[in-house]
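A quick write-up on the structure given underneath.
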Amino acid sequence: MASIFSRIISGEIPCYKVGEDEKNFAFLDINPVAPGHVLVVPKKEVDYLFDLDTDDYVSLQLFAAKVAKAIAKVMPCKRVGEAVIGLDVPHAHIHLIPINSEADMNFFKEKKQLSEAEMQHIADAIGAEL
Ligand code: 5GP
């Protein structure tokens, strides 16, 4: 069975898409730690980020850097933080989160509830900067 992220990439499951390139795909995390929390994933389904082959790993990180710069243009923040967890979804992914302090990277705090319109607006705005 394809991972939830493969089903998002194929369009079977909806998402707030930010952008894609040949090998990678970016969309908003459905339970954002902060507005503008984006997941960047390789289209190839590999469970663990650090098991990606070198080309795919480098491609993903370069794509993540582009997405991070786009996030920073749209979401007021000091930095865009990057995190790798991967305990929930067995499809490699990078979290990109606009932050103003270390505390903003806290995955335990209550998640932001944004309306569909807000999520769509954020995804479109970041995507337009890619
Ligand atoms: P992790 O595997 O890094 O521990 O967490 C997986 C992340 O994927 C979580 O932040 C969760 O909110 C997000 N996530 C899980 N399922 C979906 C989904 O169906 N759509 C979107 N957009 N994000 C998801």
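The numbers here are math on the coordinates, done by the rules we state, and not lab data. Not measured: the values here are computed from a predicted model. Neighbour counts run over all protein chains shown; Cβ positions are idealised from the backbone, glycine included.
Which log10 I(q)/I(0) values does region 50-112 give at q = 0.24 Å⁻¹ under the Debye formula, counting every alpha carbon as one identical point scatterer?
Scattering profile of region 50-112, log10 relative to I(0): -1.11.
Along the charge dipole of the chain, which of I97, L49, P14 sits closest to the positive end, that is, farthest toward it, with unit charges on the beta carbon of Lys, Arg, Asp and Glu (+1, +1, -1, -1)?
I97
Per residue of the chain, what 222 nm ellipticity follows from adding -39500 (n - 2.57) for every DSSP H run with n ≥ 4, rounded to the nearest 500? List each step's numbers first, then the result.
Values: 3 runs with 40 residues, N = 130.
Roughly -10000 deg cm²/dmol at 222 nm, from the helical runs in the chain.
Report P(r) for the chain: all Cα-Cα distances, bin width 5 Å, range 0 to the bin holding the largest distance, values in whole percent.
2, 11, 22, 25, 22, 13, 4, 0
Please rank F107, F25, fewest neighbouring Cβ atoms within 10 Å first, as an exposure proxy. Let's see the in-between values first.
Working: F107 12, F25 23.
Ascending Cβ contact count within 10 Å gives the list F107, F25.
Please return the longest range in the chain lying between exposed loop sites, taking trypsin sites (Lys or Arg not before Pro), DSSP loop only, at most 11 other beta-carbon atoms within 10 Å, and leaving the sites out. Kindly include the intermediate steps, with their values, before the conclusion.
Numbers: sites that count: K78, K109.
Excluding the exposed sites themselves, the longest stretch runs over 1-77.
What do you get for Rg/Rh of region 1-70 when both radii come from the Cα atoms and Rh is the Kirkwood radius?
On the way: Rg = 11.8 Å, Rh = 12.5 Å.
Ratio of gyration radius to Kirkwood radius for region 1-70: 0.94.
Over region 20-113, calculate the relative contact order: mean separation of alpha carbon pairs under 8 Å at least 6 apart, over the residue count, as a percent. Present the calculation step by step, with values, prior to reporting the outcome.
Numbers: 157 pairs, mean separation 34.2, N = 94.
About 36 percent, as a whole number.
Which GluC sites (Glu not before Pro) does region 1-53 hold that lie in a coil by DSSP with at most 13 other beta carbons within 10 Å?
Working: sites: E12, E20, E22, E45; in loops: E12, E22, E45.
Within region 1-53, the qualifying GluC sites (Glu not before Pro) (loop, at most 13 other Cβ atoms within 10 Å) are E12, E22.
For region 7-66 and region 74-121, write down the distance between their C-alpha centroids in whole Å.
Rounded to whole Å, the Cα centres lie 13 Å apart.
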